[in-house]
Amino acid sequence: MPAFGLKYLGTKIAVTALGFSLIPLIVLGVTMYSMFASTYHSKVQANLATLAENKRQGIDLFLREQVAQLRTIANSHSVEALSSPDMLESILNTMQMSSKTFIDLGLINEDGVHVSYSGPYNLSQANYRNETWFNEVMVRKVYVSDVFKGFRGFPHMIIAVTKQEKGKVWILRATIDSDIFDSLVRWLQVGDLGDAYLVNRSGELQTRPRFGNKVMEIFAPFLRSSFSGAKVMEHEMNNKKIFVGGIWLEQKDWLLVIEEDQHGELRPLFRTQAATWGLMGGGVAVIIIGTLLITRMIVAQQERSDRQQAQLNEELIQSSKMAALGKLAAGVAHEVNNPLAVIREKAGWMRDLLEEEDVQASPNFKEFEDAVAKIEQHVERAGNVVHRMLGFARRMEPVCNDISVNDVIRQTLTFLDNEIKFRDIEMIWQLSPDLPSIQSDASQIQQVLLNLLNNAIDAIGRNGHITVSTGVDAESRMVRIGIRDDGPGMDKEVQGRIFDPFFTTKKVGEGTGLGLSISYSIISKLGGSIRFDSKVGTGTEFTILLPVKHHD
C-alpha cells in the first residue's frame, strides 16, 4: 500500500476510535467515581463508629476491672488489717507487680480521716470530710471521680469503694496513674493525624489529647444532644476537615471523642478521583498514540520485511561465495601438499647426506644442520596449515566421529593465535584432563567455537583475558565447554535478542548478525544446548553442553 494510503487509514482509525471510545470512557469514569465516593464516604463513617464502640468497651472494661480489684481487696481484708500501713503497703506492692495502674492506696473512716496510707505522697491523717468525692462515695458506694487536683496539687483521678464493718462505714480509695490511663485512651487514635480523648458533661478534658488542647466546638454538638451508641459528624476548622466520632461510656459519665483527618481517611478516594481523571485523559491519549503506533508499526514492519529480504539475499550470496572459497581452499591445499611433500623429501635427503658424507668436518656444518632443521620445521608448520584448511573446507559435510573436545578446542585456537597475540589477550586454560570423548561433528563444533571466540576477542578489544574451560556437567552428565571473557558484558535488551538472526551490536559492515543464530542451530542439531551469563561491566560467559553420543 502507498505511504499516502497508510496515513489516510491511520487518520480514519484515530478519528473513529476517539469518537466511539471517548464518550463512553467519560460517562463510565464519572459514574464509577460518584458511586465509589458515596459508598466510601459512608463506609469510613461506619468504620469510625464501629471503632468508637469497640474502644468504649475497652475503656469500660478497664474501669470495671479496677473497681472489681479494689472491691476484692476491701472484701477480703478486715478493717484492722487495712488499718496497718505495712499491710496496706504489702497489698499495694502485690497489686503493682501485675499492673502499675494504682499509684497509692488509702483507708478512710466515715469522718473523712486517712486511717492508713501507702503511696508516694504525704497524705497521712488528711481529712476529706469536705471533699466532693467523699460525699459521692458515701452515697453511691462505688465512685470514679473526674480529674481534679485535691491535696496533691496536680490533676489526678481516684476510684473509691465503701466497706461496712462493725456498724461503721469505711472507704478504700486508690489513685489511678493518669499517664497509663491517658496512654490507654490515646492508643485509640487511628492514622498519623488522629486523636482520642475523654471529656465530661461540662466539656472538661479528662485525658490529655495527642495534639494539645481541644476547642469545645469540636465535641459541643455531642454534649448538646442525647444519643445512644456511636455518632459520627464532620467538622471543619482552620480549613481542615475532620471526622469526629463520639460515644458515652457506661461506667462513667464521660464522652469518648475520636478525631480522624478526612484527608488521611479519604486518601484512597482522592487517589481514585485522580486515577479517574487520569484514566479518562490517559484513555484519549492512548487512543491517539495507539493509533499512530499501529500505523507506524504497519509501515515499519513492511520496511523491516523488505530489509530482511534484501539482507537474506545478500547472506545467500555470501554463503555461496564461502562455499566456493571452501572448494578453492581445498584445491589450493591439495596443490600445496605436493610441493611440500617434495620439499620434505629433499630435506630428509639432505639430512641423510649430512650424516653419511664427510661434511661434519666443514666449518659450516652447524649452519647446514640448522638450515635443514628449519626447513623441516616450516614444512611441518605449512603442512599443519594445509591440514586445517582441508578440515575447514569440509566443514559443511556432516560427519559423526569419536572426537576429543580438548583437541578440537586447541586446533581451533591455532586459527586465532596471531589475532590473540596482536591484541595482547591472555588465554587461560582450564581443560579437564579426564574429559570423555564424544561422538559428534568436529567441523561444526569448530565453527561454533570460532564464532564464540571471535565474539570474545571483539568484545575485549585489547589487553583482556579469555578463559576456556571443559568438564562434565554434574546435572545432565553432558560434556561442558565454557568460553568466558572480561569484556564490557551485555545489558538486558541485548541479552533478549542475542540469538535473533541478523541482530548484531557491531558496526555496519563488521558483522552479519548470524554467527550466534547459526551456532545455536548447530548445537541444537547436535543434541546439545548453548546458554550464556552476562553482566554489564563484568563480562560474558557462553556455555555449550554436548551429549557424549550424538544421534542424527
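Restricting attention to segment 27-48, the residues being surrounded by 14 or more Cβ atoms within 10 Å (Cβ to Cβ) and either at pLDDT 85 or above or over 20 Å from Ile242 (Cα atoms) (or both) number 3.
Asp434 falls short on exactly one of the conditions (1) closer than 15 Å to Val405 by Cα; (2) among the charged types (D, E, K, R); (3) touching a residue at least 12 places away in the same chain (Cβ under 8 Å), and that condition is (3). Inspect segment 230-240 for any residue being crowded, with 16+ Cβ neighbours inside 10 Å and either among the polar types (S, T, N, Q) or in contact with a His (Cβ under 9 Å, 6 or more places away or on another chain) (or both) and give the result as yes or no. The answer is no; no qualifying residue exists. For segment 479-495, the candidate set comprises residues that are hydrophobic (A, V, I, L, M, F, W, C) and not in a strand (DSSP E or B); within that set, the residue that is surrounded by the most Cβ atoms within 10 Å (Cβ to Cβ) is Met490.
Scanning segment 200-219 for residues that are surrounded by fewer than 16 Cβ atoms within 10 Å (Cβ to Cβ) and within 18 Å of Ile176 (Cβ to Cβ) yields a total of 2.
Given segment 64-169, what strands (runs of 3 or more DSSP E) lie entirely inside it while holding 2 or more residues that are more than 60 Å from the chain's Cα centre (by Cα)? Show your work before the answer.
Values: elements: 102-108, 114-118, 142-144, 157-165.
Strands (runs of 3 or more DSSP E) meeting the threshold: 102-108, 114-118, 157-165.
Modelled with pLDDT of 85 or more, surrounded by 13 or more Cβ atoms within 10 Å (Cβ to Cβ) and farther than 19 Å from Ser183 by Cα: is that true of Gly58 in this structure? No, not satisfied. The residue pairs whose first member lies in segment 30-54 and is within 20 Å of Asp195 (Cα to Cα), whose second member is acidic (Asp, Glu) and at pLDDT 75 or above, and whose beta carbons are closer than 8 Å, counting only pairs six or more residues apart or on different chains, are Leu48/Glu260.
The values are calculated or read from the model by the stated rules, or taken from the named source; none is laboratory data. No experiment lies behind these values; they were computed from the predicted model shown. All Cβ positions, glycine included, derive from the backbone under ideal geometry; neighbour counts span all protein chains shown.
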